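Structure, as structure tokens:
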Amino acid sequence: MSRLTSHTQHHNAVPLPISAEQPLYGRKPTSLFMQACLRLAIYAPLVAAMMSLVMHDAHHFGDVGFSEASWTEHMQSTLLALSAATMWLVHSRLPDLRTISLLLFGLFAASLIREQDALLDGMIGDGSWQFLVSVVAIPVIIGVWRNRSRFIAEFEHFGRSFAFGLFGAGFLATYVFSRLYGRSEFWETLMGDSYLRSVKNAAEEVTELFGYTLMAIAVIEIVLLAIRMGRQRRALLRELNANG
């Protein structure tokens, strides 16, 4: 009771009296398997759809291939835009993950701007994307820092969730593995005299797309997690009021 009261005394603080280890769609152990099957049935076709776009670009390799005009690049930007917009909605409408969602909004928005570097360089000037990323990133970092205690409290729940596992996998695939996998040195060593930069670009872009897809799926799970946390918080408040 004292923990809950101490949180509610601050305007920006929302109590988080739930356990992230509780199942999302039910509390019976047998429901966990059904949840896993449901997730697989929903997310597997999404990954397959991403690969169909990759196959389209492969069939048109001599035309646009995996350039800025490819479907792979367009889908990367689309996933980032949808993820950023969703995280902003969570930040605005679902207070239980307000700070986590703000940080993720900044990440997705900055990545979206970075993906448009060629377009921005032509429209505004060389390196303009770096300025725009700073415009987004600096206020987000300041906002998270000012609410760092709340961020830690939220991460206690987010860090134990399925959403975090998906996001971590997508983050590593996009920002770590794809950069290392797409190094020219690796592909020159692998292909020798047959080295083609276009093949290297294809491998890197496809890996990035898969990472963005995983993070987009994580965004869906974050929305569900935030909704569940809000419901459980309100249920506990009603219980406390009834016993008060």
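The values are calculated or read from the model by the stated rules, or taken from the named source; none is laboratory data. What you see is a predicted model, and the numbers here were worked out from it, not measured in a lab. Please note: Cβ atoms are built from the backbone with ideal geometry, for glycine as well, and neighbour counts cover all protein chains shown. Surface areas here come from the heavy atoms of the whole protein model, side chains and all, with no ligands, DNA or RNA. Shrake-Rupley method; radii C 1.70, N 1.55, O 1.52, S 1.80 Å.
Across the options ASN147, LEU240, GLY170, the greatest Cα extent toward the positive end of the charge dipole of the range 124-244 (unit charges at beta carbon of Lys, Arg, Asp, Glu) belongs to LEU240. Membrane-span-like helices in the chain (whole DSSP H runs, Cα extent of at least 15 Å along the helix axis, mean Kyte-Doolittle hydropathy of at least 1.6): 162-172. For the range 100-244, carbon and sulfur atoms together expose 64% of the accessible surface, with a 1.4 angstrom probe and every protein chain in place.
Considering only ILE222, ALA81, SER198, and ranking their Cα positions along the charge dipole of the chain that arises from unit charges at the beta-carbon of Lys, Arg, Asp and Glu, the one farthest toward the positive end is ILE222. Counting only Cβ charges, +1 for Lys and Arg and -1 for Asp and Glu, the dipole size of the chain around its Cα centre is about 1780 debye.
Per residue, the accessible area of the chain comes to 57 Å² when a 1.4 Å probe rolls over the protein heavy atoms.
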